[in-house]
Amino acid sequence: MRTVVTGGAGFIGSHLCERFIAMGHDVICVDNLLTGSRRNLEALEGNPRFQFVEHNVSEPIEIDGPVDNVLHFASPASPVDYLTHPIPTLKVGSLGTHNALGLAKAKDARFLLASTSEVYGDPDVHPQREDYWGNVNPIGPRGCYDEAKRFAEAITMAYHRYHGVKTHIVRIFNTYGPRMRLNDGRVLPNFMKQALRGEPITIYGNGDQTRSFCYVSDLVEGIVRLLAADFAEPVNLGNPAEITVMQLAEEIIALVAGTASKIVHEPLPQDDPRRRRPDISRAQSLLGWNPTIERAEGLKLSLEYFRKAV
Ligand code: NAD
Ligand code: UDP
């Protein structure tokens with residue numbers, strides 16, 4: 001098997017590259033290092049079955065030889081990152097997805113799109129099921145990411161229906177773990193970094209907004225199972241254990257024993273979703289998948305990484 005991972009130098013992509021190498025695949029990582037790093041791939045450097053190609057996938061992608069799978073993970077994912085790079089975000093979700101689908105079609109390969117719970121926007125339906133169409137502000141600050149991913153889903157379904165490409169769409173809910181960039185601005189690296197440095201823990205708004213955090217190894221297992229399934233409609237993958245941002249801050253303060261950090265409040269960003277929790281019944285019945293790493297364990301594993309990173 002030869003597997004292409006776009007965005008493979010990022011947080012989730014690097015874990016996927018390692019997983020497919022462990023499964024015996026040849027892996028080609030295509031990444032322009034916009035928000036990723038070669039350091040994430042250190043364990044694979046020198047492996048004859050692994051190849052890194054530095055390339056912006058919003059430009060046509062050329063790969064020699066056969067390809068069996070294309071996993072399209074290239075895109076800024078942190079709100080801070082996509083607000084810093086709104087146009088590259090729109091381009092990689094639209095042009096980049098078109099190019100990655102074109103590669104899959106040309107090679108007769110399976111295609112898997114990394115979509116997101118952000119397609120549900122600030123959801124009126126809770127928990128979020130795949131048949132909910134969402135509540136997205138197309139012209140708000142998050143629109144560059146949300147609408148790019150919604151377009152990416154639409155073109156993926158069109159390639160499936162019109163060209164017969166074997167496609168998959170995973171709607172990923174907040175995922176965390178080692179290799180998140182310390183400064184990517186997402187809540188978990190922020191709180192870990194702040195607690196480890198004894199700096200104020202910055203809660204945006206009053207902290208009663210909710211998220212549901214999935215450990216990265218659970219997500220990777222779900223993605224591997226979905227790639228092998230005969231199913232093109234979107235599938236939610238995430239951990240339904242929902243908590244408030246305030247609870248997350250308290251858990252991290254308790255975990256980093258002896259931290260001097262105190263909670264401070266900062267303004268809530270515009271269009272910040274009030275709540276988010278996946279309904280995972282589709283993944284459970286289709287893939288026999290359930291998350292296995294509880295937050296207490298996942299936070300400990302992540303803290304070990306962030307301790308070295310600060
Ligand atoms: P990340 O920022 O760590 O990784 C993204 C990778 O894509 C980086 O290595 C970056 O350099 C690369 N990239 C960006 N634009 C590119 C381009 N034009 N050409 C080539 N490479 C490019 O983010 P992540 O958390 O690992 O997210 C990976 C994917 O999963 C993204 O598509 C994201 O939308 C999706 N996702 C992640 C989460 C999450 O909680 N982590 C949730 C929902 C969806
Ligand atoms: N958040 C926060 N403090 C921070 C970073 C984020 O309170 O330092 C909040 C943010 O407003 C949101 C939640 O944490 O409600 C998750 O934010 P993140 O940027 O991780 O991703 P999102 O789930 O919004 O895409």
> Taking the stated definitions as given, is Y120 among the aromatic types (F, W, Y), within 15 Å of ligand 2 (Cβ to nearest atom) and touching a strand residue (DSSP E or B) at 6+ places or on another chain (Cβ under 6 Å)?
Replying inline: yes
> Quick one: in region 246-281, which of the residues that are in a helix (DSSP H, G or I) and more than 10 Å from ligand 2 (Cβ to nearest atom) is surrounded by the most Cβ atoms within 10 Å (Cβ to Cβ)?
Replying inline: I252
>> Given the criteria closer than 21 Å to A109 by Cβ, at pLDDT 95 or above and within 10 Å of ligand 1 (Cβ to nearest atom), does D31 qualify?
In response: yes
>> I'm checking my understanding of the structure. Among residues of region 117-141 that are among the small types (G, A, S) and within 16 Å of ligand 1 (Cβ to nearest atom), which one is surrounded by the most Cβ atoms within 10 Å (Cβ to Cβ)?
In response: S117
> In region 207-225, which residues are outside any helix (DSSP H, G or I) and either among the charged types (D, E, K, R) or in contact (Cβ under 8 Å) with a residue 60 or more places away in the chain (or both)?
Replying inline: D208, Q209, T210, R211, S212, F213, C214, Y215
>> Need a quick list: strands (runs of 3 or more DSSP E) entirely within region 1-116 having at least 2 residues that are of a type in the set (V, I, T), buried (at least 16 other Cβ atoms within 10 Å of the Cβ) and in contact (Cβ under 8 Å) with a residue 40 or more places away in the chain.
In response: 2-6
> What are the residues in region 282-308 that are in contact (Cβ under 8 Å) with a residue 12 or more places away in the chain, part of a helix (DSSP H, G or I) and among the hydroxyl-bearing types (S, T, Y), if any?
Replying inline: S302, Y305
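The values are calculated or read from the model by the stated rules, or taken from the named source; none is laboratory data. All figures in this text were calculated on a predicted structure; none of them were measured in a lab. Cβ sites come from the backbone with ideal geometry, for glycine too, and all protein chains shown count toward neighbours.
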